[in-house]
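Read the figures in this text as sums done on the coordinates, not as results from a lab. These numbers come from a predicted model, not from an experiment. Here the Cβ is made from the backbone with ideal geometry for all residues, glycine too, and neighbour counts use every protein chain on show.
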Amino acid sequence: MQKESCPACGAPISMPESTNQTKCPYCSASLTLERSKGEPDLKVAEKITGSIEASGFKMQAVIQEGATVTQTELKRLQLSQELSHTQLRLANLQSEIRSLERTKPDRITRTQLSELKAQETTLKQHIRMLQASLTPVPTSPASQKNAVAPIDYPEGWLPLLFSFNGRINRQQFWIGFGIVCVIMFIAGRFTNSVTDPTTGLATVKFNFIGSLIVLVDLWIFVAVSSKRFHDRAKSGWWTAICLVPFGFFWVIYQLGFMPSKSDGGMKFL
């Protein structure tokens, strides 16, 4: 039997020579007996174990932090390379668009321009997304809750005049409405005025070309008005109010003078 003192509370402890671990009957501390050069040394086992575990946790945290930083930097590098490649594609695409715009317009050229401008819009959206990923803006939870996505207005004449999807601002609406008025004036050049000899009333008769122009003009007006109603957070079917008396003036007031609503918006007719 070997007698030692508890390093935690100083109480006398008797340990058999056949064991190296025991427990203090006074403070309940777990003890271990280390024999070096024949001189026994009683130590608190919990402190030794705790120190080893703390060192292991610190080392694991350092390794995980280094791995996280490496993955983050690698992701930023990939995004930067993708951004540079996309910007180069956009520059080449815009150069091709300018080259086609300088050529004599025909049906094939207009089709190619429409497709290229649609690709241009897609690339611009992708570039904005990559830039936002590379330079995120820190925001508070309250501002994130009230955040509003930026409005993406269409670019190009074909989406403005013939598409029912998306939304346009007041300036684009007035441009489209002006085009509608010009086309209606042109349609008037293809009409014939006939006076009824019995009543003396004049009636307007459209020929085939005039009727076709009026149908195209009506399509453009409905398309432009629908997209503008989307920007006002309303359905495009509100354009049908033009069919009721004085409804046309209400539609022009709503679409041409009222501001956009960035907190909503319908995407389809």
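Look at 253, 153 and count the other Cβ atoms within 10 Å of each Cβ; fewest to most, that gives 253, 153. Panel order for 209, 97, by other beta carbons found within 10 Å of each beta carbon, from fewest to most: 209, 97. A simple spin-label model places pseudo-atoms 7 Å from Cα toward Cβ; at residue 92 and residue 110 they are separated by 2.9 nm.
Taking the fewest neighbouring Cβ atoms within 10 Å as the starting point, the ordered list for 168, 175 is 175, 168.
Is any residue of region 224-238 close enough, with backbone N under 17 Å, to a label point placed 7 angstrom from the Cα of residue 218 along the Cα-Cβ axis, and if so, which? Those under the cut-off are 224-226, 237-238. Region 158-181 and region 92-110 have their alpha-carbon centroids 22 Å apart. Among the listed pairs 117/227; 75/227; 75/124, those whose Cα-Cα separation exceeds 27 Å are 75/227.
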